[in-house]
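These notes are about the structure you will find just below.
The values are calculated or read from the model by the stated rules, or taken from the named source; none is laboratory data. Remember, it's a predicted structure, so these values are computed and weren't measured experimentally. Cβ placement follows ideal geometry from the backbone for every residue including glycine, while neighbour counts extend to all protein chains displayed.
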Amino acid sequence: MLTRRNLFKFAATFGLGAFAPRLEQLASGAAVESRQGQDPSSERALSQHEQSFLDLEWLENLKDDLDCVEVVASVASAFNMPASAEINLIRGSSHCPFCGEAGFHVSPESFRCRWCEAEGSAIECYARAEGLSQAEAALRLDALLQDGALKGRRPENAHAYRMLAEAARFYHALLCVRPEGAVARECLAEQGIAPSTIERFRLGYAPHDPDDLLSRHLVAEGYVIPKLLQTVRVNEAGEEKLIDRYGGGHLLIPICDQAGHSWGFMKRKLTSRQDSLQAGWTQDTLAVSERRLRRLIFPHPAWPQEFNRHQRVLITETPWEVVALHNAGIENAVYLFDCATDPIRLRTLLSVGQDFVCAFDAKGYRPATAFRFLERLERETRRLFVMDVPSRGGLLALLQSGRCQAVQNAMTHAIPFHQWIGA
């Protein structure tokens with residue numbers, strides 16, 4: 001359990017930047033001078049920080065769409081790689097095209113040679129092979145994807161998010177109008193969740209379903225048997241059956257990126273209309289690449305419109321706190337998923353607000369997972385504030401007792417982190 005004393009000892013002993021480079025170092029050397037897909041209709045000129053951020057986003061998307069195994073195979077012929085070594089690429093290991101030694105490992109995400117220590121993404125591999133800068137290699141690889149000379153993972157990614165988007169629409173309809181969603185509608189009404197909030201977050205419900213309604217719906221919409229959205233259940237007789245992987249009576253919150261593409265769900269099992277929805281949420285994602293998920297926060301901002309949109313951003317412990325706060329009219333709240341220390345995710349967080357507020361209770365009943373991102377910050381701790389919440393119930397207890405005004409007042413009177421830690 002993170003306490004004020006332990007946090008102070010950690011900061012005093014190691015420094016808050018001991019576990020990661022500064023956030024500005026993450027952005028250095030990766031800006032791409034020219035990018036495809038930039039919106040030419042922007043009404044204002046972007047700042048250097050905003051442009052660098054969008055360049056990084058474009059670069060990460062490109063890495064996500066490339067298949068490093070395919071890129072390595074495409075450049076291998078220039079190094080006279082043996083045919084047997086090319087075949088071994090399928091198994092993920094081969095001779096290094098740069099030093100020639102065995103011990104070269106490649107996956108769709110990255111490559112690494114344990115001898116010459118060449119490593120990186122498909123972009124670094126192509127740049128090294130062709131003698132290009134990373135920016136030039138990125139632009140050329142993007143062109144190869146556009147022209148079809150490289151297949152990459154764009155088709156696979158597009159298929160996944162289109163199918164998940166259709167699943168989200170189906171689950172949303174089940175929640176809103178179908179008889180199977182009655183228990184979820186009653187639970188949300190008991191929580192005081194407005195229809196506009198249900199629509200805003202596209203909340204859905206995956207019922208207890210022995211017939212796999214989702215698969216039948218997707219097949220009717222023209223999809224092949226959607227194994228990505230199925231899991232195996234074994235009955236008492238030992239018989240296996242494919243069922244909806246999100247089914248079982250779960251309330252669902254779609255996980256989306258800035259383009260609105262769906263990459264999975266946060267889910268929470270419902271047992272009755274009186275269920276508290278504060279805890280018990282898990283993530284279930286289908287992204288072909290984990291790189292895309294590392295950049296997401298909930299709700300994910302739209303770039304560049306939401307750069308520094310808020311003066312203060314409240315970091316919540318659960319996704320349901322975000323939903324409840326938005327339902328009460330407090331929109332400057334975000335959830336960092338299961339990993340609050342990922343520097344790529346923090347890059348997104350630091351671009352959406354000026355200051356950040358974490359909730360804390362003096363008795364330590366609150367998990368305080370949001371504080372873990374302090375391990376990844378250095379100078380940015382000056383942007384962190386701390387607000388007190390009730391020991392039992394946390395943010396939602398404060399919201400229920402004093403409505404949105406109580407939460408807003410607590411955020412306004414939050415104290416700077418360094419002042420709080422020395423109190």
Handout entry: Among the candidates Ala397, Ala410, Ala406, Ala414, residue that is modelled with pLDDT of 85 or more, in contact with a Pro (Cβ under 6 Å, 6 or more places away or on another chain), of a type outside the set (Phe, Trp, Tyr) and in the same structural domain as Glu331 (by TED's automatic domain parsing)
Key = Ala397
Practice task
Name the one entry in Leu150, Leu174, Leu145 that is surrounded by 15 or more Cβ atoms within 10 Å (Cβ to Cβ) and in contact with a strand residue (DSSP E or B) (Cβ under 8 Å, 6 or more places away or on another chain).
Solution key: Leu174
Problem - Single residue of Leu270, Leu228, Leu277 found to be touching a Leu at 6+ places or on another chain (Cβ under 6 Å), more than 19 Å from Arg169 (Cα to Cα), surrounded by 13 or more Cβ atoms within 10 Å (Cβ to Cβ) and hydrophobic (A, V, I, L, M, F, W, C) - result: Leu270
Handout entry: Which numbered condition His300 fails, given (1) in contact with a helix residue (DSSP H, G or I) (Cβ under 7 Å, 6 or more places away or on another chain); (2) under 26 Å from Ser121 (Cα atoms); (3) not assigned by TED's automatic domain parsing to the domain that holds Cys176
Key = (1)
Problem - Complete set of residues in the stretch 192-226 that are at pLDDT 90 or above and polar (S, T, N, Q) - result: Ser196, Thr197
Exercise for the section: Considering every residue within the stretch 99-106, establish whether at least one is under 24 Å from Glu290 (Cα atoms), of a type outside the set (Val, Ile, Thr), under 29 Å from the mean Cα position of the chain (by Cα) and crowded, with 19+ Cβ neighbours inside 10 Å. Expected result: no
Exercise for the section: Kindly list the number of the only condition in (1) among the aliphatic types (A, V, I, L, M); (2) touching a residue at least 12 places away in the same chain (Cβ under 8 Å); (3) farther than 28 Å from Ile297 by Cβ that fails for Leu251. Expected result: (3)
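This table checks each residue for (1) crowded, with 21+ Cβ neighbours inside 10 Å; (2) modelled with pLDDT of 85 or more; (3) at negative phi; (4) not in a loop (DSSP other than H, G, I, E, B).
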| site | (1), (2), (3), (4) |
| --- | --- |
| Asn308 | no, yes, no, no |
| Trp320 | yes, yes, yes, yes |
| His326 | no, yes, yes, yes |
| Arg366 | yes, no, yes, no |
